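All of the numbers you see were taken from the coordinates with simple rules; none came from a lab. Keep in mind that this is a model prediction, so the values were computed, not measured. Note that we place each Cβ from the backbone using ideal geometry, even for glycine, and neighbour counts take in every protein chain shown.
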Amino acid sequence: MKNAKTITIEDVMTKSVISADISMTVSETAKMMEDAKVGSVIIMKNNTAVGIVTDRDFAVKVVAHAYEISSPIKQIMSSPLLSINSDQSVRNAADLMYERGIRKLPVLNDDKVVGMITATDIVNLLAVSVEADMRDVYFHSVARIYTNYDPYN
């Protein structure tokens with residue numbers, strides 16, 4: 001097992017990522033997420049990742065603002081897409097999540113979506129780390145992500 005400082009995003013990311021076309025509606029995208037049992041979907045335009053929609057976007061943007069379910073998904077997506085490369089460290093991903101107040105981060109290599117890393121992936125990493133590594137990842141990354149978590153961001 002690598003130590004916590006050298007574990008890359010590729011080591012822990014989810015490689016199966018669901019995407020939706022920018023022409024889809026809020027309802028169609030929500031159904032796709034339900035069927036795939038995922039909490040986020042990458043929004044694509046002409047085979048390029050342009051945004052992300054998370055389950056939180058449905059609660060905050062659709063319900064709170066009473067958007068029609070027939071609205072275009074681009075109305076609620078977060079864009080431009082914030083992403084990270086798979087060869088970067090998990091610590092870099094955690095720092096970016098902390099700085100931007102997010103819990104899901106698409107992984108792109110050469111502008112191609114190759115995975116997704118989430119705060120949950122980082123927590124799961126702690127379960128298999130040796131004790132010293134666990135403390136290092138926890139105090140450097142996880143505690144920071146969850147301390148300033150804002151459900152409205």
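For the range 35-91, the fraction of C-alpha pairs more than 12 angstrom apart is 70%.
Approximating the spin labels as points 7 Å out from Cα along Cα→Cβ, the V63-to-V123 distance works out to 1.9 nm.
In this label model, S70 and S27 are separated by 0.7 nm, measuring between points 7 Å along each Cα→Cβ vector.
Considering every alpha-carbon pair of the range 1-81, the percent of pairs per 10 Å bin, from zero through the bin containing the longest distance, is 18, 45, 22, 12, 3.
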